[in-house]
């Protein structure tokens, strides 16, 4: 636990030029962790990295395109089922891992055509509806294993190397998260990224300034779904079992909590949010399963924490953990250093 | 024929329950512009409280009324959290109500456990066109009709009801004539809580309710309410009845497992059609 706590402290944002140094430090710690963590903690770490991958994409969708998805777990589910179905039908697992994000992204692109005409709370409910429909339909399909799901998904094998234990999957998940973060970072800093921020503030103004609003929204929705699908693929190979029950609506809400807590529209925020929420839940789970606690204690504690975190952060820290802390830091830091090396951080749009 | 009547009546009854939920959603949205995600939670709280009060020995009627009042108090509390802090945008308030739904899960599991619960309603059934129809279904329909009539009188004839409507149509002008818009918002939340709670109290004897049943309830309520753009209670009532009957028919003649899918697809279709009639410019101007 102490190691994890130290890492989460190091994940704190450092403004301006030390940013690269911080990134390298965090990457170093993240790479060392699977080797130093005690056995059972590694699997928590893998699941944390998988969540962080989904949350990075969702954070981009919420913070930059200003669209809330309450059904992001639907795309994780599509990715996981793609990986599981292809693997159980004899397709090489490395191809399955590539297909997972492709199928999830394509599904999002297709669903997005009608869906993204909606905004705000309507889109939130529409994405939720899509996930409920998917859960209900998949639960009835014989070929997808119905409510029982698909068991015995083979382990991932790339070029003859089989990812067999938790540590191998930790590195796989780290690699996947790394790719996700790099892609997101490059998009955010590019011209389309600025266009996305513009359309989050006002679609009309962005369109009149020449931003292809519909196309960009579509693209970022598909991309965030592809990240979720990729994470789902890793999940399927790691756990070896997928069922509709593994991707409940609550999982989607959990992703939203992570995004809001960390701070929508920042990569550091997504990582910090996923880390903070996962660690908190882990601690509470330890407390809840102690002797003398009632059987429902873990569930009660985790729901209470989700609820409190979400309400308190939205009301009192609407920008989220990372942007708020970064602002404080910048104000405290001597003006000279802050101004010289500071790269202007993109201001995330408010959560809608 | 007998099966058809049975499905029709039970569909209308369930639809009336959705309509109560949806009208709460509409009442809150009209006044505060907040889409209350915790609306389904009110129904769960109402239904479960009624069950507990009944088993503790309170007579029918008193227990149900008390449960509705409890749900109203919960609604007021949700209103305080979601709109009490100045400068909370309706979008943030939606996320706040989502969070409050989680908190309610924790409390509900602590009090009632995580199994579905039900309580006895009006027992027995009557024979109508050769079909056995539960008496509770008629009770739901009757109460809902009475409540809608009362709501019509409340909004049309009383000072408070007119003040609520004034806040809905133009908050600025309402404030200018001395109406406390914030207090009216809280009142709307309390009213929404009571309506949601009543829906839960009436529906629970027909279908057992569990703590996480609120997601389906809120999606059904939202689907009904969105038909009138979340602003017109009459249209929401029509939408809810359609939804209830459609679900009941699909469950009866087709596959029971697809009944929620029908509701969701209907909701998506309605939203798409409505969205295609409004441009981004209109929507941003309305903000």
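The values are calculated or read from the model by the stated rules, or taken from the named source; none is laboratory data. Quantities reported herein were computed from a predicted structural model and do not represent experimental measurements. Please note: Cβ atoms are built from the backbone with ideal geometry, for glycine as well, and neighbour counts cover all protein chains shown.
Going by the structure shown, is residue A:214 over 20 Å from the mean Cα position of the chain (by Cα) and either in a helix (DSSP H, G or I) or at pLDDT below 85 (or both)? It is true that residue A:214 is over 20 Å from the mean Cα position of the chain (by Cα) and either in a helix (DSSP H, G or I) or at pLDDT below 85 (or both). Residue A:231: away from chain B (no Cβ under 14 Å), within 29 Å of residue A:136 (Cβ to Cβ) and touching a residue at least 60 places away in the same chain (Cβ under 8 Å), yes or no? Yes; evaluated as a whole, the condition is true for this residue. The conditions of being under 21 Å from the mean Cα position of the chain (by Cα), at pLDDT 80 or above and away from chain B (no Cβ under 14 Å) are met by residue A:279.
Taking the criterion of being surrounded by fewer than 17 Cβ atoms within 10 Å (Cβ to Cβ), within 14 Å of chain B (Cβ to nearest Cβ) and part of a helix (DSSP H, G or I), the residues of the range A:307-328 that qualify are A:308, A:312, A:316. Counting only helices (runs of 4 or more DSSP H) wholly contained in the range A:56-163, the ones carrying 2 or more residues that are more than 26 Å from residue B:214 (Cβ to Cβ) and out of contact with any helix residue (DSSP H, G or I) (no Cβ under 6 Å at 6 or more places or on another chain) occupy A:72-88, A:93-115. Look through the range B:117-156, keep the residues that are crowded, with 17+ Cβ neighbours inside 10 Å and part of a loop (DSSP other than H, G, I, E, B), and return whichever of them is modelled with the highest pLDDT. For the range B:117-156, the residue satisfying everything is B:119.
In the set (1) surrounded by fewer than 20 Cβ atoms within 10 Å (Cβ to Cβ); (2) over 30 Å from residue A:67 (Cα atoms); (3) at pLDDT 75 or above, residue A:179 fails one condition alone, (2).
When the residues of the range B:175-227 are filtered to those that are surrounded by fewer than 19 Cβ atoms within 10 Å (Cβ to Cβ) and within 14 Å of another protein chain (Cβ to nearest Cβ), the one that is farthest from the chain's Cα centre (by Cα) is B:210. One residue stands out in the range B:228-246 among those that are in contact (Cβ under 8 Å) with a residue 60 or more places away in the chain and more than 16 Å from residue B:141 (Cβ to Cβ): the one that is farthest from the other protein chains (Cβ to nearest Cβ), namely B:233. Taking first residues from the range B:22-38 that are surrounded by fewer than 24 Cβ atoms within 10 Å (Cβ to Cβ) and partners that are assigned to a helix (DSSP H, G or I), the Cβ contacts under 6 Å between residues at least 6 apart in sequence or on separate chains come to B:30/B:168; B:33/B:90. Which ones in the range B:247-258 are surrounded by fewer than 18 Cβ atoms within 10 Å (Cβ to Cβ) and under 19 Å from residue B:140 (Cα atoms)? Across the range B:247-258, the qualifying residue is only B:249.
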